[in-house]
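Asker: Mind looking over this structure? Questions follow.
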Amino acid sequence: MKDILREVGMIARALDSISNIEFKEMDLTKGQYLYLVRICENPGIIQQQVSDMIKVDRSTATRAIQKLEMNGFIEKKEDPHNKKNKKLFPTEKGRTVYPFIKRENEHSDRMALAGFSDQEMATAYELLERIRKNVEKDWEFVKKGNKRDY
């Protein structure tokens, strides 16, 4: 079997590194842009939903969201229906940088898929989506405190 997941990991780390360098001048570091995008695209989302979307543990999400709030990119508001939940919303500062992040993402997509036909892009997407769904099953299982059999 080829080292498919190593390739996926190298791609993800390289793109994340590029983004962290390019977004540093906006005070967005260490993947915070991922959280900001999800919050901009889903105003009123709660932290657990963001954590699940990005596939990180609660403490990692907490640190990133606290930094985004501290730096004025997002704000938390109480959920009138559930006092335990805080809804997350982008601030004006967050909404201002969101289009730049989206443009960078679109550029990265174009660069990464240069030379691919429409059919190749569709196939790559379908295969990666299947891989993600397979991995999500294990992620959910382990997240609940279970151990996988190797």
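Asker: Choose one of 23, 9, 44: the residue whose Cα lies farthest towards the positive end of the charge dipole of segment 2-69 (beta-carbon charges +1 Lys, Arg; -1 Asp, Glu; about the Cα centre).
Answerer: 9
Asker: Count charges around residue 126 for me, please; just the other residues with Cβ under 12 Å from its Cβ, Lys/Arg as +1, Asp/Glu as -1.
Answerer: +1
Asker: What's the tally of Lys pairs in segment 1-76 whose alpha-carbon atoms lie under 20 angstrom apart, where the two lysines are 8 or more places apart or on different chains?
Answerer: 5
Asker: Simple spin-label model, 7 Å along Cα-to-Cβ: residue 148 to residue 18 in nm?
Answerer: My value for the distance between the label points is 2.8 nm.
Asker: Which far-off residues, 5 or more places away or on another chain, put their amide H under 5 Å from the one on residue 45, with H placed in the peptide plane?
Answerer: For residue 45, whose amide H was placed from the backbone, the distant partners under 5 Å are 88.
Asker: Counting only residues 5 or more places away or on other chains, whose amide H sits under 5 Å from the amide H of residue 85 once H atoms are built in the peptide plane?
Answerer: For residue 85, whose amide H was placed from the backbone, the distant partners under 5 Å are 79.
Asker: In 10 Å bins starting at zero, report the fraction of Cα pairs in the chain per bin as a rounded %.
Answerer: Bin by bin from 0 Å, the calculated values are 10, 32, 35, 20, 3, 0.
Asker: Using a simple charge model, +1 on the beta-carbon of Lys and Arg, -1 on the beta-carbon of Asp and Glu, nothing else, what dipole does segment 86-150 show about its Cα centre, in debye to the nearest 20?
Answerer: 600 debye
Asker: What's the magnitude of the charge dipole for the chain around its Cα centre, counting Lys and Arg as +1 and Asp and Glu as -1 at the beta-carbon? Answer in Debye, nearest 20.
Answerer: Result for the chain is approximately 740 debye, rounded to the nearest 20.
Asker: Once the dipole of the chain is set up with Lys and Arg at +1 and Asp and Glu at -1 on Cβ about the Cα centre, which of 33, 68, 119 lies farthest towards its positive end?
Answerer: Among 33, 68, 119, the one farthest towards the positive end of the dipole of the chain is 68.
Asker: Which value in nm describes the separation of the simple spin-label points at residue 93 and residue 119, placed 7 Å from the Cα toward the beta carbon?
Answerer: Simple spin-label model gives 5.0 nm for this pair.
Asker: Roll a 1.4 Å probe over the protein heavy atoms and report the accessible area of residue 136 in Å², nearest 10.
Answerer: Near enough 50 Å² of accessible area.
Asker: Sticking with this one: For labels at residue 8 and residue 112 in the simple 7 Å Cα→Cβ model, what's the distance in nm?
Answerer: 1.2 nm
Asker: Give me the percent of the accessible area of segment 1-121 that comes from carbon and sulfur atoms, probe 1.4 Å, all protein chains in place.
Answerer: The value for segment 1-121 is 54 percent carbon and sulfur by accessible area.
Asker: With a 1.4 Å probe and every protein chain left in place, work out the accessible area per residue of the chain in Å², rounded to a whole number.
Answerer: Each residue of the chain exposes 73 Å² on average to a 1.4 Å probe.
Asker: Pick out which of 31, 115, 94 has the largest mean-square fluctuation in a Gaussian network model of the chain, springs linking Cα atoms closer than 10 Å.
Answerer: In this elastic network of the chain, the residue with the biggest mean-square fluctuation among 31, 115, 94 is 115.
Asker: Let me have the 222 nm mean residue ellipticity of the chain computed from DSSP H runs of 4+ only, each contributing -39500 (n - 2.57), with the sum over all residues rounded to the nearest 500.
Answerer: Roughly -21500 deg cm²/dmol at 222 nm, from the helical runs in the chain.
Asker: Would you pull out the residues with amide H under 5 Å of residue 74's amide H, same chain only if 5 or more places away, H placed 1.01 Å from N?
Answerer: 69, 91
Asker: Find how much the distance from residue 130 to residue 53 grows on full extension, using 0.36 nm per residue of separation minus their present alpha carbon separation; answer in nm with one decimal.
Answerer: Extending this stretch completely gives an extra 26.1 nm.
The values are calculated or read from the model by the stated rules, or taken from the named source; none is laboratory data. As the structure is a prediction and not an experimental result, all values here were calculated from the model. Every residue, glycine among them, receives a Cβ derived from its backbone with ideal geometry; neighbour counts consider all protein chains shown. The protein model used for the area step is the full one, side chains on, heavy atoms only, and it has no ligands, DNA or RNA in it. Shrake-Rupley method; radii C 1.70, N 1.55, O 1.52, S 1.80 Å.
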